[in-house]
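These notes concern the structure reproduced below.
What follows draws every value from the coordinates through simple rules; no lab data is involved. Here the structure is a predicted model, which is why all the values come from computation and not from measurement. Here Cβ is always computed from backbone atoms with ideal geometry, including for glycine, and neighbour counts include all displayed protein chains.
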Amino acid sequence: MDRQYPQLEINLPKLRRNTHEVVQRCQKYGITVCGVIKGANGHPDVARAFLDGGATELGTSRIEQVIRCREAGVPGPYLLLRVPMLSELEDVVRWCDTSLQSEVAVLDATEEACQKLGKTHRVIVMADLGDLREGFWDKQEMVRACVHVEQDLPHVHLAGIGVNLGCYGSIQPMPDKMEDLVAIAREIESKIGRKLEVISGGATSSYTLVHWDTMPDGINHLRIGEGILNAKDLQVDWGIHDMKYLCMDAFTIRAQVLEVKTKPSHPVGTIVIDAFCRRPTYVDRGMRKRCLLGIGHADVGDASRLIPRLAGAEVLGGSSDHCILDIEECEQEVHVGDILEFSVIYSAMMYAIARNDMHIIVVDDQ
Ligand SMILES: *Cc1c(COP(=O)(O)O)cnc(C)c1O
């Protein structure tokens, strides 16, 4: 039997176009783009589309994805985004050209791994400017660490410094944060007597400064995933309306209708907690037509955040393996066996593409 659903379609021309739109706007600032493939589980076709669209580097948090892409023949270069585990350093040096770093002990161990393998490795040392995930909080400690790499670690090349914002601490990238990063870079440059190659200003959220024309001089590198994969965070969640040059439907989920019935909108009986230990609330809107689909939280993380493309449809909720839509207001008839399409947010794409029972279809025009 041909198992086709649930299905995730990846549209490569749209990904190439999104990458190109972002890359050319960054180019005006002398900023190169590292295309971040972790949201797509390091899918080699996605990686290739990023390079075709003008990304000069590929980034991911996980070495397994670097290996997957290299084995599929995608050349890179590769940047490891999650500051490395001590236990994975040999693989980091073996498979990645560059890594983000934030601990002197790890930098020293990177030197050892390089010596053992007879290789060199580039590092971008991270500053924490308030988001409170990775990076040096004490900036003088950071400067000393960079000088240490430059002077004492012959196989580790200090490529530059970087920052991450808008992740744990939800801190908005602002020009002053970028200026703070550039100031740290200038101090390091004066201590080591040369220019740093990379001053990496952040992720998709930092791209806003390019879009708004407020990116300060000095930043020359961004690491962008969501903004070219889904392109929804800035347009939908941030409410930036003049970013229509980025298309939000490069990924499509398709699921099959299992059941179509008219039922009460409020559950009937004593409400306790759902299968995920939550106590949802329900609005009583009387009897409504609804349909049940063969896709659930296990496929997309949170099925209630799928975005139906069927006009008038509304996601009511889901469970591990089901998604429930209200279709009372839909003009189009829905039947058992129909295939419905959904747009996806980043997390839904991330879970779906990594599941081995998700049917993945790659669309291309080349
Ligand atoms: C995931 C990640 C990125 C990319 O984030 P997006 O919001 O998808 O652009 C950039 N830098 C680091 C360190 C990351 O972990």
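Tabulated data for the structure shown
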quantity: Cα long-axis angle, helix 12-27 against the chain (0 to 90 degrees, to the nearest 10); calculated: 40
quantity: Estimated translational D of the stretch 80-213 in µm²/s (Stokes, Kirkwood radius over Cα pairs; 25 °C; 0.890 mPa s); calculated: 163
quantity: In the stretch 273-334, trypsin sites (Lys or Arg not before Pro) in a DSSP loop with at most 11 other beta-carbon atoms within 10 Å; calculated: ARG278, ARG285
quantity: Loop GluC sites (Glu not before Pro), the stretch 312-344, which have at most 11 other Cβ atoms in a 10 Å radius of their Cβ (DSSP); calculated: GLU329, GLU331, GLU333
quantity: Dipole-positive endmost among SER206, THR98, PRO280 within the chain (Cβ charges, Cα centre); calculated: PRO280
quantity: Karplus 3J(HN,Hα) series, Hz, for the stretch 191-197 with 6.51 cos²θ - 1.76 cosθ + 1.60 (x for Gly, Pro); calculated: 6, 9, x, 7, 6, 7, 6
quantity: Nearby lysines by direct alpha-carbon distance to LYS177 (threshold 26 angstrom, same-chain neighbours under 8 apart not counted); calculated: LYS28, LYS38, LYS139, LYS191, LYS195, LYS232
quantity: Charge dipole (debye, nearest 20) of the chain; +1 at Cβ of Lys and Arg, -1 at Cβ of Asp and Glu; calculated: 220
quantity: Extension reserve of the ALA275-ILE67 stretch, reckoned as 0.36 nm per residue once the Cα distance is removed; calculated: 71.2 nm
quantity: Expected 222 nm ellipticity per residue - DSSP helices of 4 or more, -39500 (n - 2.57), all of the chain, to 500; calculated: -9000 deg cm²/dmol
quantity: Dipole-positive endmost among LEU246, ILE31, CYS167 within the chain (Cβ charges, Cα centre); calculated: LEU246
quantity: For the stretch 6-82: relative contact order, % (alpha-carbon pairs under 8 angstrom, 6 or more apart); calculated: 29
quantity: Loop trypsin sites (Lys or Arg not before Pro), the stretch 138-202 (other Cβ atoms within 10 Å of the site Cβ: 15 or fewer; DSSP); calculated: ARG194, LYS195
quantity: The stretch 290-366: radius of gyration over Cα atoms, expressed as a fraction of 2.2 N^0.38 Å; calculated: 1.12
quantity: The stretch 185-307: radius of gyration over Cα atoms, expressed as a fraction of 2.2 N^0.38 Å; calculated: 1.71
quantity: Radius 11 Å from Cβ of ARG254, net charge of other residues (Lys, Arg +1; Asp, Glu -1); calculated: -2
quantity: Where labels lie 7 Å past Cα in the beta-carbon direction, separation of MET85 and THR56 in nm; calculated: 3.2
quantity: Residues with amide H under 5 Å from that of THR32, placed H, sequence gap 5 or more; calculated: HIS221, LEU222
quantity: Contact order normalised by residue count of the chain, Cα under 8 Å, 6+ apart, percent; calculated: 18
quantity: Spatial separation of Cα centroids for the stretch 257-297 and the stretch 107-154, in angstrom; calculated: 52
quantity: The stretch 130-203 - Debye-derived log10 I(q)/I(0), Cα point model, q = 0.12, 0.17, 0.28 Å⁻¹; calculated: -0.33, -0.64, -1.39
quantity: Percent of Cα pairs exceeding the 30 Å cut-off, where the set is the chain; calculated: 45
quantity: The stretch 1-102: mean projected area of Cα convex hull, nm²; calculated: 8.4
quantity: Phi-based couplings in Hz for the stretch 200-207 (Karplus 6.51, -1.76, 1.60; Gly and Pro marked x); calculated: 9, x, x, 10, 3, 5, 6, 5
quantity: Gained length - TYR282 relative to ARG309, 0.36 nm times residue gap less alpha-carbon distance; calculated: 7.4 nm
quantity: Derived scalar couplings ³J(HN,Hα) [the stretch 139-151; Karplus, 6.51 cos²θ - 1.76 cosθ + 1.60; whole Hz; x for Gly, Pro]; calculated: 6, 6, 4, 5, 4, 4, 4, 5, 5, 4, 4, 4, 8
quantity: Nonlocal amide H pairs with GLY317, under 5 Å, H built at 1.01 Å; calculated: ILE324
quantity: Extended-chain gain in nm, criterion 0.36 nm per residue less alpha-carbon gap, ARG133 and SER320; calculated: 64.3 nm
quantity: Residue with peak Gaussian network fluctuation, the chain [Cα springs, cutoff 10 Å], from HIS266, HIS335, HIS43; calculated: HIS266
quantity: Amide H partners (placed H, <5 Å) of VAL198, local residues excluded; calculated: GLY160, ILE161
